Amino acid sequence: QVQLVESGGGLVQPGGSLRLSCAASGSIVSTAVMSWHRQVPGKGRELVAFFTTGGGTNYADSVKGRFTISRDNALNTVYLQMNSLKPEDTAVYYCKYSRGSYASWGQGTQVTVSS
């Protein structure tokens, strides 16, 4: 069973930056499809960024050029660097591990962008 623990959320002003971390235990992130999602109250969970099976990266149009997904295989951790944050980026951010038919989610971390 894979456990994911997110951290790094918080309150930031518009235009600011945050880096989210997702630490995995129970499996190796380099062998799975790792992704970041976000959700606001009353809406479905939105895919923000992910690693493709070929090792590349892909992003939602709303965050392209501002967010960067990366990973440290030695630490078994995936990151989401978020720059030029906007109020509409306010959400709970979740990390997801997917391998075959198995998926696991972290508990989420709140990001609030407000002046």
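What to note about this one:
- Looking across region 104-115, the residues that are open to solvent by less than 50 Å² (accessible area, probe 1.4 Å) and touching a Phe, Trp or Tyr at 6+ places or on another chain (Cβ under 8 Å) come down to S104, G106, G108, T109, V111.
- V48 vs. criteria of a type outside the set (K, R) and in contact with a helix residue (DSSP H, G or I) (Cβ under 7 Å, 6 or more places away or on another chain): no
- Check on R38, under 19 Å from Y102 (Cα atoms), among the basic types (K, R) and out of contact with any Gly (no Cβ under 8 Å at 6 or more places or on another chain): no
- Residue within region 94-104 that is at pLDDT 95 or above, touching an Asp or Glu at 6+ places or on another chain (Cβ under 8 Å) and either among the β-branched types (V, I, T) or not in a loop (DSSP other than H, G, I, E, B) (or both) present: yes
- Residues located in region 72-89, provided they are on the phi < 0 side of the Ramachandran plot and either touching a residue at least 60 places away in the same chain (Cβ under 8 Å) or surrounded by 17 or more Cβ atoms within 10 Å (Cβ to Cβ) (or both): T77, V78, Y79, L80, Q81, M82, N83, L85, K86, P87, D89
- Among residues of region 9-66, those that are among the hydrophobic types (A, V, I, L, M, F, W, C) and either open to solvent by 70 Å² or more (accessible area, probe 1.4 Å) or out of contact with any Leu (no Cβ under 8 Å at 6 or more places or on another chain) (or both), counted: 11
The values are calculated or read from the model by the stated rules, or taken from the named source; none is laboratory data. This one's a predicted model, so the numbers in the text were calculated from it and none came from an experiment. Glycine gets a Cβ as well: all are built from the backbone with ideal geometry, and neighbour counts include every protein chain shown. Side chains included, ligands, DNA and RNA excluded: accessible areas come from the protein's heavy atoms. Shrake-Rupley method; radii C 1.70, N 1.55, O 1.52, S 1.80 Å.
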